[in-house]
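Working notes for the structure below.
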Amino acid sequence: QVQLVESGGGLVQPGGSLRLSCAASGSIFSIYTMGWYRQAPGKQRELVATINSGGSTNYADSVKGRFTISRDNAKNTVYLQMNSLKPEDTAVYYCNAILATGSKHWGQGTQVTVST
């Protein structure tokens, strides 16, 4: 089992920045991929960015060039640096971990609101 705890959400003005963190505990040695997803009101959860154990990253087209995912293996933490935020980035952001077995685990989510 893997436990994921997100932090770093909040309210920011358009054009601002936030950094989300996701700390993993438990069977962390078996984590293959970690990532961030988001869900806006009335919409389906969507992929934002992922990073695998080799450091390869993948981004949604809507965030390319603005968001950066990174991973600190020593701290068992994955980060999402979000720059040039837009109102349409407003959502609950969820951390995700996929184990080598294929099982998926989710954090509790953290709210990001981009508004004046």
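The Rg/Rh ratio for segment 60-116, using Cα coordinates for both the radius of gyration and the Kirkwood hydrodynamic radius, is 1.01. Taking the Cα atoms of the chain, the ratio Rg/Rh between the radius of gyration and the Kirkwood radius comes to 0.96.
Near residue 60: Cβ cut-off under 14 Å, other residues only, Lys/Arg at +1 and Asp/Glu at -1. The net charge is +2. For the chain, the per residue solvent-accessible surface stands at 52 Å², with DNA, RNA and ligands left out and a 1.4 Å probe.
Residue ranking by accessible heavy-atom surface, 1.4 Å probe, largest first, among 29, 67 comes out as 29, 67. As a calculated quantity, the FRET efficiency between residue 17 and residue 45 at R0 = 30 Å, using C-beta atoms, amounts to about 0.85. Across 90, 77, the residue with the most accessible area heads the list, and the full order at a 1.4 Å probe is 90, 77. Of the heavy-atom accessible surface of the chain (probe 1.4 angstrom), what whole percent is carbon and sulfur? Roughly 48 percent of what the probe reaches on the chain is carbon or sulfur. The longest part of the chain holding none of the exposed loop trypsin sites (Lys or Arg not before Pro), meaning those outside H, G, I, E and B in DSSP with at most 11 other Cβ atoms within 10 Å, is 1-42.
When the chain is treated as a Gaussian network with alpha carbon springs shorter than 10 Å, the biggest mean-square fluctuation among 44, 13, 81 belongs to 44. Here residue 30 and residue 5 are evaluated by their C-beta separation; at R0 = 22 Å the FRET efficiency comes out at 0.80.
The values are calculated or read from the model by the stated rules, or taken from the named source; none is laboratory data. Not measured: the values here are computed from a predicted model. Virtual Cβ from ideal backbone geometry, glycine too; neighbours counted across all protein chains shown. We work out accessible area using only protein heavy atoms, side chains counted, and drop any ligands, DNA or RNA first. Shrake-Rupley method; radii C 1.70, N 1.55, O 1.52, S 1.80 Å.
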